[in-house]
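Asker: My structure is below; once you've seen it, I'll send some questions.
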2 protein chains.
Amino acid sequence: MRVGVLGSGIVAQGLSARLAELGHNVVIGTRDADKLRGWQSSNQRVLIGSFAETAAHGEMVINATNGAASLSALSMAGEENLADKILVDVSNPLDFSDGFPPSLSVFGKDSLAEQIQRAFPMAKVVKTLNTVTARVMTHPLEVADGDHHVFISANDADAKSQVTDLLKSFGWIHIFDLGDLSTARGTEAYLLLWVRLYGAMNTGMINVKIMK
Amino acid sequence: MRVGVLGSGIVAQGLSARLAELGHNVVIGTRDADKLRGWQSSNQRVLIGSFAETAAHGEMVINATNGAASLSALSMAGEENLADKILVDVSNPLDFSDGFPPSLSVFGKDSLAEQIQRAFPMAKVVKTLNTVTARVMTHPLEVADGDHHVFISANDADAKSQVTDLLKSFGWIHIFDLGDLSTARGTEAYLLLWVRLYGAMNTGMINVKIMK
């Protein structure tokens, strides 16, 4: 599949490398291609593009930009390049204005995922993977042999199904369908617990398992 | 131990009944004693008091009031009746102004637990149990044979240790020390995920296990 990954940080790099490893045709999109030259030298199957080139390339587009910059990055990607496509949102609206641990810039009665959906109504936004660190997103078996949950929220059932298949290809065993996109309010808010777990455990190689 | 439980809802009732069952000397505190007469008829070891009488009774006091009413209930309980005591806060600042699912009235850079600590600086506030439903608080073995986590946040190490012992007496096996009271921002925010898990699973007899 042709996948466009928007972002140049470790989340975008990790997703791009993993997708390429799995045989997908990947373009990673950035404002500043020079930032990715070093990384690309050991990931030559991934091409570098502008946000617009990257979104145009993808049959599926992944928003792996900084949450604070996601709406502007997606605007540069272009509404026409996102229309009728699955837009996987793995970002979090982290607010570091008071340092670490962060707060959130969107919360409670709204979520970044819903803001993105409203701004790009023709895209099929799927929220997932935002509750784990970059390495766990793409290599879930490295935590507790995969015995933990990733969440998925979307309004479009077919988009949710396709992204579920992608998650399985990464190694995810337990994929929890939370419901429509408004349930992203829950997974985004969870980040405030995640940063405290990270603080207490001193590692990001952690996740939750839902028990009943 | 003499315990004062503030509140008259199912959380306060459940905690009071369990504490009495475990041999503690329990007073449950309410604005309206008539609301508890029926319940008390089958829980005769628990006495009913005003907020102030209940707080005065307790060597340990538990805030199990509605989060929206907690600060005013604690004011009625009286600063002098809370001073130098452990004040266990199990409440959540749920905001139902837009119906279900709720948002939170405090969030991100503050928490209800910290608001309570600031309002009653002589109390030793310990946040715990707020991430599970009333029945799971007091009967953790009824979910996955107890194989899941409860969190605890407090500034006072001795208070945290005493409440940890109380949690063990309820049957809790995995008690996760998140750190100081500011970590309650994480467990309170998690409620927004919890309500979505509840919505998807159609039961509150659930919890999370931290995996690494």
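Asker: Tell me, in nm to one decimal, what length is gained between B:K168 and B:A52 on full extension, where the rule is 0.36 nm per residue of separation less the Cα-Cα distance? All intermediate terms of the calculation are to be shown ahead of the outcome.
Answerer: On the way: separation 116, 0.36 × 116 = 41.76 nm, distance 2.81 nm.
That pair, B:K168 and B:A52, stretches by 38.9 nm at full extension.
Asker: Now, a different point. Projecting each Cα onto the charge dipole of region B:123-212 (Lys/Arg +1, Asp/Glu -1 at the beta carbon, about the Cα centre), which of B:A159, B:T203, B:W172 comes out farthest on the positive side?
Answerer: Going by the charge dipole, the pick is B:T203.
Asker: Quick one: of the DSSP bridges fully inside region B:1-121, what percent are antiparallel, nearest 5? Write down the numbers at each step before the final one.
Answerer: Working: 2 of 18 bridges.
About 10 percent, rounded to the nearest 5.
Asker: Same structure, new question: Can you tell me, using C-alpha contacts under 8 Å and at least 6 residues apart, the relative contact order of chain A as a whole percent?
Answerer: About 18 percent, as a whole number.
Asker: About its Cα centre, how strong a charge dipole does the protein assembly as shown have in debye, to the nearest 20, once Lys and Arg get +1 and Asp and Glu get -1 at the Cβ? Working shown, then result.
Answerer: On the way: 36 positive and 44 negative charges, 83 e Å.
So the magnitude is around 400 debye.
Asker: Out of the chymotrypsin sites (Phe, Trp or Tyr not before Pro) in region B:37-135, which ones are loop residues according to DSSP with at most 15 other C-beta atoms within 10 Å?
Answerer: On the way: sites: B:W39, B:F51, B:F96, B:F107; in loops: B:F96, B:F107.
In loop regions of region B:37-135 (DSSP not H, G, I, E or B), the sparsely surrounded chymotrypsin sites (Phe, Trp or Tyr not before Pro) are B:F96.
Asker: Right, next: Is there a simple number for the mean count of other chain Cβ atoms within 10 Å of the Cβ of residues in A:177-188, and what is it?
Answerer: Values: counts 1, 6, 3, 1, 0, 2, 8, 1, 6, 13, 3, 3.
Neighbouring Cβ atoms belonging to other protein chains average 4 per residue here.
Asker: Can you give me the solvent accessible area of A:T30 with a 1.4 Å probe, rounded to the nearest 10 Å²?
Answerer: 10
Asker: If you take every DSSP beta bridge whose two residues both sit in the protein assembly as shown, what share of them, in percent to the nearest 5, is antiparallel? Working shown, then result.
Answerer: Working: 15 of 65 bridges.
Around 25 percent of the beta bridges assigned by DSSP in the protein assembly as shown are antiparallel ones.
Asker: Now a separate question. Convert 4 °C to kelvin, take the viscosity as 1.567 mPa s, use the Kirkwood radius over C-alpha pairs of region B:1-143 as Rh, and evaluate the Stokes-Einstein diffusion coefficient in µm²/s, rounded to a whole number.
Answerer: Values: Rh = 15.2 Å.
Diffusion coefficient, whole number: 85 µm²/s.
Asker: Output needed: percent of Cα pairs per 10 Å distance bin for the protein assembly as shown, bins running from 0 to the one holding the longest distance.
Answerer: Bin by bin from 0 Å, the calculated values are 5, 21, 29, 21, 13, 8, 3, 0.
Asker: Under 5 Å between amide hydrogens, which residues at least 5 positions from B:F176 or on another chain qualify, with H placed 1.01 Å from N in the peptide plane?
Answerer: Sorted by chain and number, the residues that satisfy this are B:V150, B:F151, B:I152.
Asker: Now, a different point. Compute the Cα gyration tensor for region B:89-167, then decide on rounded, prolate or oblate, letting a ≥ b ≥ c be the square roots of its eigenvalues: rounded whenever a/c is under 1.5, prolate when a/b is larger than b/c in the other cases, and oblate in all that remain. Write down the numbers at each step before the final one.
Answerer: Numbers: a/c = 2.62, a/b = 1.06, b/c = 2.47.
Note, shape of region B:89-167 comes out oblate.
Asker: Across region B:1-157, how many lysine pairs separated by 8 or more positions, or lying on different chains, have Cα atoms within less than 24 Å?
Answerer: Details: B:K85/B:K124; B:K85/B:K127; B:K109/B:K124; B:K109/B:K127.
The result is 4.
Asker: Take the Cβ-Cβ distance between A:D177 and B:A119 as r, set R0 to 45 Å, and report the resulting FRET efficiency rounded to the nearest 0.05. Working shown, then result.
Answerer: Values: r = 41 Å, r/R0 = 0.91.
With a Förster radius of 45 Å, E is 0.65.
Asker: If you average the C-alpha positions of region B:6-59 and of region A:155-190 separately, how far apart do those two centres end up, in angstrom?
Answerer: 43
Asker: Check which residues have an amide H placed less than 5 Å from A:D89's amide H, if you skip close sequence neighbours.
Answerer: A:N63, A:V126, A:K127, A:T128
Asker: Quickly work out the A:R2-to-B:E21 label distance, labels modelled 7 Å from Cα along the C-beta direction, and quote it in nm with one decimal.
Answerer: About 6.2 nm, to one decimal.
Asker: What number, rounded to the nearest 500 deg cm²/dmol, is the helix-based mean residue ellipticity at 222 nm of the protein assembly as shown, given -39500 (n - 2.57) per DSSP H run of at least four residues and division by all its residues?
Answerer: Details: 18 runs with 165 residues, N = 424.
Here the helix-only value at 222 nm equals -11000 deg cm²/dmol.
Asker: Moving on. Measuring with a 1.4 Å probe in the full set of protein chains, what accessible area per residue, in whole Å², belongs to the protein assembly as shown? If you can, show how the numbers build up before the last one.
Answerer: Values: 16210 Å² over 424 residues.
Here the residues of the protein assembly as shown average 38 Å² of exposed surface.
Asker: Let me ask you something else. I want the antiparallel fraction of DSSP beta bridges within region B:31-188, as a percent rounded to 5. Before the final figure, lay out the partial values.
Answerer: Working: 5 of 18 bridges.
That works out to approximately 30 percent antiparallel.
Asker: Next question, about the same structure. Roughly how many nanometres apart are two label points built 7 Å out from the Cα toward the Cβ at A:S105 and A:E59?
Answerer: Once both label points are built, they end up 3.3 nm from each other.
Asker: Further question on the same structure: What distance in nm separates the simple spin-label points at B:D95 and A:S161, each placed 7 Å from Cα in the Cβ direction?
Answerer: 3.8
Asker: If I stretch the segment between A:A83 and A:L141 completely, what's the gain in nm (0.36 nm per residue apart, minus their alpha carbon distance), one decimal?
Answerer: Numbers: separation 58, 0.36 × 58 = 20.88 nm, distance 3.35 nm.
Contour length minus Cα-Cα distance gives 17.5 nm.
Asker: How about region A:50-86: which GluC sites (Glu not before Pro) there lie in a loop by DSSP and see at most 14 other Cβ atoms within 10 Å? Let's see the in-between values first.
Answerer: Details: sites: A:E53, A:E59, A:E79, A:E80; in loops: A:E59.
Within region A:50-86, the qualifying GluC sites (Glu not before Pro) (loop, at most 14 other Cβ atoms within 10 Å) are A:E59.
The values are calculated or read from the model by the stated rules, or taken from the named source; none is laboratory data. This structure is a prediction, so every number in the text was calculated from the model and none was measured. As a convention, Cβ positions derive from the backbone with ideal geometry for all residues, glycine included, and neighbour counts pool all protein chains shown. These area figures cover heavy atoms from the full protein model, side chains too; ligands, DNA and RNA do not enter into them. Shrake-Rupley method; radii C 1.70, N 1.55, O 1.52, S 1.80 Å.
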